[in-house]
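What follows is one structure encoded as structure tokens, with my remarks underneath.
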Amino acid sequence: MNFLEERIVKDGVVKEGNVLKVDSFLNHQMDIKLLDQMGAEFKRRFADKPINKILTIEASGIGIACIAAQHFDVPVVFAKKSQSINLDGEMYVAEVESFTHKCINHVIVAQKFLGPEDHVLIIDDFLANGCALQGLIQIVQSAGATVEGIGIAIEKGFQSGGRIIRNLGYQLESLAIVDGMDAETGRIDFRPQGEDVGGSEAENSGEKNECK
């Protein structure tokens, strides 16, 4: 097990409905030393990429992205889920369905913060069905920028998101991939690090690139 998997086993809580709660250390209360380890690992995995900006989505991805940005020495842009009086000028907008909250959000990034000169690393805390990532990818593409890679803290490998995103050709690096959970026993099964996570299963099953 790597450091994140060990922490998930120690402090993560499995709930019915394939819910994994990591709010004691990752996405409500945040263990900054753990986030620093994660940032260093993302830097190692994307060391050969010319990344000059990190993009995430509010709110749970912001802490991870900010700590990771220290290792890359780049700014962080986070997509907002609602319009506010503080947002001005032209905007990039994408529609995103939330697996956790069971709702549709329109995520927004001001055009002045993302442009054709940017080489972007997208970072988020969870990957389930891939809708949030597809929305962020759409925003990067609208800006004429380049997605250099995608870093995820925890991927639910038994859901379609990881396969869909990899099938699109992006370098997707997840620090922990959960292949199964049991709410009754609390058991969490992780995919061995380095195991092939390519897209053949999705392609063979005829799975479409959609969120709903």
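Kindly establish whether ILE139 is under 15 Å from the mean Cα position of the chain (by Cα), modelled with pLDDT of 95 or more, surrounded by 22 or more Cβ atoms within 10 Å (Cβ to Cβ) and closer than 23 Å to PRO75 by Cβ. It would help to see each step written out before you state the result.
Working: under 15 Å from the mean Cα position of the chain (by Cα): yes; modelled with pLDDT of 95 or more: yes; surrounded by 22 or more Cβ atoms within 10 Å (Cβ to Cβ): yes; closer than 23 Å to PRO75 by Cβ: yes.
Considered against the rule, which asks whether it is under 15 Å from the mean Cα position of the chain (by Cα), modelled with pLDDT of 95 or more, surrounded by 22 or more Cβ atoms within 10 Å (Cβ to Cβ) and closer than 23 Å to PRO75 by Cβ, ILE139 comes out as yes.
With respect to VAL147, is the statement that it is over 23 Å from ALA40 (Cα atoms) and modelled with pLDDT of 95 or more true? Steps first, answer last, please.
Details: over 23 Å from ALA40 (Cα atoms): no; modelled with pLDDT of 95 or more: yes.
No, not satisfied.
Within the stretch 1-23, can you find the residues that are open to solvent by less than 50 Å² (accessible area, probe 1.4 Å) and of a type outside the set (Asp, Glu)?
So the first thing to find is which residues in the stretch 1-23 are open to solvent by less than 50 Å² (accessible area, probe 1.4 Å), and the list is 2, 4-5, 8, 11-12, 14, 20, 22.
Selection gives ASN2, LEU4, ILE8, GLY12, VAL14, LEU20, VAL22.
Restricting attention to the stretch 40-75, and to residues there that are within 20 Å of ASP118 (Cα to Cα) and of a type in the set (Gly, Ala, Ser), which single residue is nearest to the chain's Cα centre (by Cα)?
GLY61
For the list (1) modelled with pLDDT of 95 or more; (2) of a type in the set (A, V, I, L, M, F, W, C); (3) open to solvent by 10 Å² or more (accessible area, probe 1.4 Å); (4) within 23 Å of GLN29 (Cα to Cα), I need the number of the one condition that ILE64 fails.
Only one criterion is unmet by ILE64, namely (3).
Exactly one of (1) out of contact with any strand residue (DSSP E or B) (no Cβ under 7 Å at 6 or more places or on another chain); (2) open to solvent by less than 60 Å² (accessible area, probe 1.4 Å) is unmet by MET38. Its number?
If we test MET38 against (1) out of contact with any strand residue (DSSP E or B) (no Cβ under 7 Å at 6 or more places or on another chain); (2) open to solvent by less than 60 Å² (accessible area, probe 1.4 Å), just (1) comes out false.
Starting from the stretch 110-133, keep only residues that are aromatic (Phe, Trp, Tyr), then list their pairs with residues that are in a strand (DSSP E or B) whose Cβ atoms are within a distance under 9 Å, requiring at least 6 positions of separation or different chains.
From residues that are aromatic (Phe, Trp, Tyr), the pairs are PHE113/LYS53; PHE113/VAL77; PHE126/LEU20; PHE126/ILE152; PHE126/ALA153; PHE126/ILE154; PHE126/GLU155; PHE126/LYS156.
The values are calculated or read from the model by the stated rules, or taken from the named source; none is laboratory data. Since the model is a prediction, treat every value here as computed from it, not as a measurement. Using ideal geometry, Cβ is built from the backbone for each residue, glycine included, and neighbour counts are taken over all protein chains shown. What goes into the accessible areas is simple: the full protein's heavy atoms, side chains included, and nothing from ligands, DNA or RNA. Shrake-Rupley method; radii C 1.70, N 1.55, O 1.52, S 1.80 Å.
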